[in-house]
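In what follows, a single structure is set out as structure tokens and then discussed.
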Amino acid sequence: MRKHWMQVLAFGLLILAATAGCEAFREAWSEALDPETEMTDDPKSEDYRRKYVIHLNSTVKYPRAGELEREISTFDGKTVWINTNQLFSSKNIRDAKAVSRPGNPDVFDLQFRVDRFGKLQWQLLSGNHSSEPVALVVDGVYFTSFYPEPAENDSADWITLRVGINPVTARGIANNAKKNYVSLNPDSSNWF
């Protein structure tokens with residue numbers, strides 16, 4: 001009888017954890033139940049599945065549904081139109097930090113250490129789009145729009161995005177930035 005109650009309790013705790021809003025738990029659970037999801041932690045492997053990949057795209061105010069415009073979903077179930085030409089992406093982010101805002105520990109900004117090409121892209125992005133919002137897209141889902149600010153100086157490796165996102169997403173981006181960079185920029189010895 002006691003064993004039965006322990007099983008019922010364990011099952012109840014599992015259901016509670018799965019429905020309590022813990023995004024990381026739900027993701028781990030779905031990956032564990034999917035037999036086709038054979039993932040590896042080695043970003044150089046072909047089986048590595050990238051997570052928390054970011055793209056920065058310009059938003060489209062008046063969509064004409066052209067080839068370069070696409071409607072994407074937001075994390076709260078709505079939709080927004082973006083220009084599909086990426087302005088910046090995880091391909092040029094060597095490392096990332098999630099930085100909580102002073103006085104508000106539930107809102108996070110991001111800091112990225114970018115490669116040489118990423119510096120050039122950020123200079124163009126922050127110069128050309130300083131007065132219009134840019135969309136932060138994570139794994140194909142729109143999270144927020146923000147105004148890009150130029151780096152402190154031209155030689156700075158770190159840039160700051162004042163995006164104000166939730167802690168789970170911010171930490172996920174920070175924890176996966178290095179792996180995504182390695183996966184998106186394969187070593188030339190792996191080409192053949």
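Where a number appears in this text, it was derived from the coordinates with a stated rule and is not lab data. Predicted, not measured: the structure shown is a model, and the values here were computed from it. Every residue, glycine as well, gets a Cβ built from its backbone with ideal geometry; the counts of neighbours run over all protein chains shown.
Going by a ≥ b ≥ c, the root eigenvalues of the Cα gyration tensor, does segment 54-186 fall in the rounded group (a/c under 1.5), the prolate group (a/b larger than b/c) or the oblate group? Write down the numbers at each step before the final one.
Numbers: a/c = 1.43, a/b = 1.22, b/c = 1.18.
Rounded.
Would you order Arg64, Arg162 from fewest to most other beta-carbon atoms within 10 Å of each residue's own beta-carbon?
Numbers: Arg64 8, Arg162 13.
The most exposed by this proxy come first: Arg64, Arg162.
I'd like the Karplus ³J(HN,Hα) series for segment 89-103: coefficients 6.51, -1.76, 1.60, θ = phi - 60°, whole numbers in Hz, and an x wherever there's a Gly or Pro.
Working through the residues one at a time gives 8, 4, 4, 10, 9, 6, 7, 8, 10, 9, 10, 6, 6, x, x Hz.
Quick one: order Tyr62, Tyr142, Tyr147, Tyr52 by neighbouring beta-carbon count within 10 Å, fewest to most.
Working: Tyr62 6, Tyr142 23, Tyr147 13, Tyr52 20.
Neighbour counts put them in this order, fewest first: Tyr62, Tyr147, Tyr52, Tyr142.
Roughly how many Å is it from the Cα centre of segment 58-90 to that of segment 93-107, as a whole number?
Here the answer is 25 Å between Cα centres.
Tell me, Ile173, Ile72, Ile93 in order of fewest to most beta-carbon neighbours within 10 Å?
Values: Ile173 29, Ile72 15, Ile93 25.
If I rank by nearby Cβ atoms, fewest first, I get Ile72, Ile93, Ile173.
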